[in-house]
Amino acid sequence: MILSRKLKDSISSKWMLACLSFCLLLPLAIGSGLVLKSLPLLQSHSLKELIFSEDWFPSDNQFGFWPFIVTSVWVTVLALIISIPLCLLSSIYLTQFAPKWVLKFMRPVIDILAGIPSVVYGVWGLLVIVPLVGDKIAPLFHQDSLGYSLLAGAIVLAVMSIPYILNMLLEVFRQIPVELGEASLSLGATKWETIKHIFIRKGSSGILSAFGLGFSKALGETIAVLMVIGNVPQIPQSMFDSGYTLPGLIANNYGEMMSIPSYDSALMFGALLLFVIIVIINIIFRYIIYKSELI
């Protein structure tokens, strides 16, 4: 009986270790595969030329990824500038001010928003956001725009990011002991002072994690942004200009130009760039979280 129990424990622990090893090796396998597929391009072009060049003429074997990198980062940052205040203030209200039935009602609403396919958000962006930007918002800033712009992509991306970031923030505030807030209030602090100095400070690492994951997810979104951003390979000079993101480049062209080996390798290099950017962003956020926990 004891031997059978030890055997079961041994099998269970090895099975769990195998699952953990698979999760740890998966990013390495993805990165290695992208590097191997990108080697033909890296052997014929310098890394500096590929990353910082603005020339994108695949038929002439010119592959400059700088416009795609700039557009991807810019539209993601704009989206987070829109979504982060909305998510943070909404999560504070739902957990600290709203009646419990409001939070119970909002949970399935947030889940529904998270489950809507990205192409549906893209269609909504085409029908609502693109005309809104072109006809209403751009004239307010004395700009001419057809609506297919970084701002349209950022608004759609912000709406798509809200349920993910908001869900994580709700869990962060839910995990903070209620006794901490009660102790603060009993010492004479106001409700807002308690939220600012107790709940936000106590949950700072979780809040930063939510923003970091939201940034990574937003950077990799493809179809919805592809439908509203204009897909022009240029460095945007304003948020009303069109652009072309790295995910959009890969999704738009993969499968059409596979007869050109250098083009195939270029698209794989674009995926590798996206992979590396997301890894760097996560490392930066992990460092910020680590520093915030020491304070």
(request) Below 18 Å Cα-Cα, how many Lys pairs turn up in the chain? Only count pairs eight or more apart in sequence, or on different chains, if you could. (result) 4
(request) Take the Cα coordinates of the range 47-163, assign each an equal point scatterer, and use the Debye formula without solvent to give log10 I(q)/I(0) at q = 0.15, 0.17, 0.21 Å⁻¹. (result) -0.86, -0.98, -1.14
(request) Specify which residue in the list Gly122, Ser216, Val232 is farthest towards the positive end of the charge dipole of the range 69-246, using unit charges on the beta carbon of Lys, Arg (+1) and Asp, Glu (-1), about the Cα centre. (result) Ser216
(request) Could you pull out every residue, at least 5 positions away or on a different chain, whose amide H is within less than 5 Å of the one on Gln62? Hs are placed 1.01 Å off N in the peptide plane, and Pro or chain starts have none. (result) Phe57
(request) State to the nearest 20 debye the size of the charge dipole of the chain about its Cα centre, where the only charges are +1 on K and R beta carbons and -1 on D and E beta carbons. (result) 1480
(message) Between Glu49 and Ile260, how high is the FRET efficiency from 1/(1 + (r/R0)^6) when r is the Cβ-Cβ distance and R₀ = 22 Å? Nearest 0.05.
(response) 0.75
(message) Let me spell out the model: positive unit charges on the Cβ of Lys and Arg, negative unit charges on the Cβ of Asp and Glu, origin at the Cα centre of the range 168-261. What dipole size does that give, in debye rounded to 20?
(response) 280
(message) Regarding the chain, what's the average projected area of the Cα-atom convex hull, expressed in nm²?
(response) 23.0
(request) Return the whole-Å distance between the Cα centroid of the range 139-196 and the Cα centroid of the range 216-249. (result) 24
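Values in this text are rule-based calculations from the coordinates and carry no lab data. If you're wondering where the values come from, they're calculated on a predicted model, not measured in any experiment. All Cβ positions, glycine included, derive from the backbone under ideal geometry; neighbour counts span all protein chains shown.
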